[in-house]
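Let me begin by presenting the structure, written as structure tokens, before commenting on it.
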Amino acid sequence: MKLGDKILEFRKKKGFSQEELGEMIGVTRQTISNWELGETSPNPDQLKLLSKYLNASIDELLDNDIKNVLVEKVSNTEKLAGLILKIIKIVLIAIPAILVLLIILSIVFKNIRHDRAGRLIEDSIYCQIYGEEHTYAIAYQELTGQIVAEGGDVYFADILDLGKYSDAHQVFNVINDYVKKNGGTCRMIENNDLNDLVNMQIKEGTLSKTGATIIINEDIDYDITYGEEFWLEKYNSKNNSYEKLTMSGNNCGFNMIGYLVTPDNPLELTQDWSCLYGKLNKGSYRLVKNVHFESNTIDKYYIWVQFEIEE
């Protein structure tokens with residue numbers, strides 16, 4: 001049974017409507033409907049929430065038969081035990097030569113990949129057409145445009161036959177041309193950075209060693225869902241970088257699991273981090289949180305706000 005059928009089955013068992021389940025997960029009723037129809041899929045965080053509110057394990061939702069897999073692995077291990085021992089003896093003798101060869105190959109292939117292909121880039125295109133949002137994400141080689149991985153809404157993949165293209169730029173152009181010809185709009189979001197489109201700031205006069213009130217504003221037309229995932233980072237001058245603070249392990253967290261923000265409706269949240277981190281010492285900090293596009297279950301993005309704690 002597919003994931004969508006499982007979600008429908010357990011939702012009906014619990015007596016939830018699509019709208020009620022959507023409010024628990026922090027998504028729209030239409031998103032729940034799309035999941036059940038198999039048009040889109042929940043991301044890992046949403047899958048955990050589904051497991052919680054539907055009172056079903058993730059294995060039940062995904063219909064994994066772990067027991068059979070384990071039995072098969074044990075059987076294969078016993079059959080191959082003798083062969084593995086012989087291979088180990090051969091490998092131990094050849095280890096010095098193998099290590100040298102691996103080092104040489106690693107250097108050669110690294111240089112070839114860098115010279116011919118460049119960095120691995122991950123970009124996404126977000127489009128609005130016929131009153132709906134659709135997303136397509138591609139990981140590709142910077143210099144050649146060669147596609148390494150791709151995915152997103154089946155909408156574009158099906159109607160445009162995107163599988164026949166090997167160049168990422170060509171795929172983005174095909175999608176953009178199609179959407180524009182049909183009266184829609186598209187926008188590229190690059191390098192998992194939304195901070196030029198979404199602004200998170202600390203409300204004046206609210207910052208303390210134990211918390212602050214934050215304000216989130218958007219300058220983008222696409223639905224973005226903001227989850228509960230917040231954390232604090234402290235600036236390390238030796239490494240010239242921000243590093244995550246260690247949490248206390250207490251059963252507590254930041255408030256609100258999922259919510260939407262629109263350009264004309266900023267969000268204001270009071271965050272108390274004392275339970276997780278205690279009182280902060282003097283230094284430079286950054287409050288970071290994750291967000292994702294309503295129509296995109298592939299990419300995870302992050303926004304942050306920097307602040308100073310004085311004596």
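Just so it is clear, none of the values below were taken in a lab; they were calculated from the coordinates. Note that this is a predicted model, so its numbers are computed, not measured. Every residue, glycine among them, receives a Cβ derived from its backbone with ideal geometry; neighbour counts consider all protein chains shown.
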(message) If amide hydrogens are placed 1.01 Å from N in the peptide plane, which non-local residues have theirs closer than 5 Å to the one on Leu245?
(response) Leu232, Glu233, Lys234
(message) Modelling each spin label as a point 7 Å along the Cα-to-Cβ direction, I'd like the Ile87/Gln30 distance in nm, to one decimal.
(response) 5.1
(request) Under 1.5 on a/c is rounded, so check that first for the stretch 1-59, then, if it is not, pick prolate when a/b is larger than b/c and oblate when it is not; a ≥ b ≥ c are the square roots of the alpha carbon gyration tensor eigenvalues. (result) rounded
(request) Show me 30-41, 143-154 ranked by packing, highest mean number of other Cβ atoms within 10 Å first. (result) 30-41, 143-154
(request) Using the Karplus curve 6.51 cos²θ - 1.76 cosθ + 1.60 with θ = phi - 60°, work out ³J(HN,Hα) for each residue of the stretch 31-48 in order, rounded to whole Hz, and write x for Gly and Pro. (result) 5, 4, 4, 5, 4, 5, 7, x, 7, 9, 10, x, 7, x, 5, 5, 4, 5
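Here is the link list: Lys48/Lys244; Lys12/Lys289; Lys238/Lys279; Lys48/Lys203; Lys2/Lys164. Which ones come out longer than 30 Å on Cα distance? Working shown, then result.
Working: Lys48/Lys244 23 Å; Lys12/Lys289 33 Å; Lys238/Lys279 23 Å; Lys48/Lys203 32 Å; Lys2/Lys164 27 Å.
Result: Lys12/Lys289; Lys48/Lys203 exceed 30 Å.
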(request) Amide H neighbours of Val291 under 5 Å, at least 5 residues apart or on other chains, H built in the peptide plane: list them. (result) Tyr301, Tyr302, Ile303
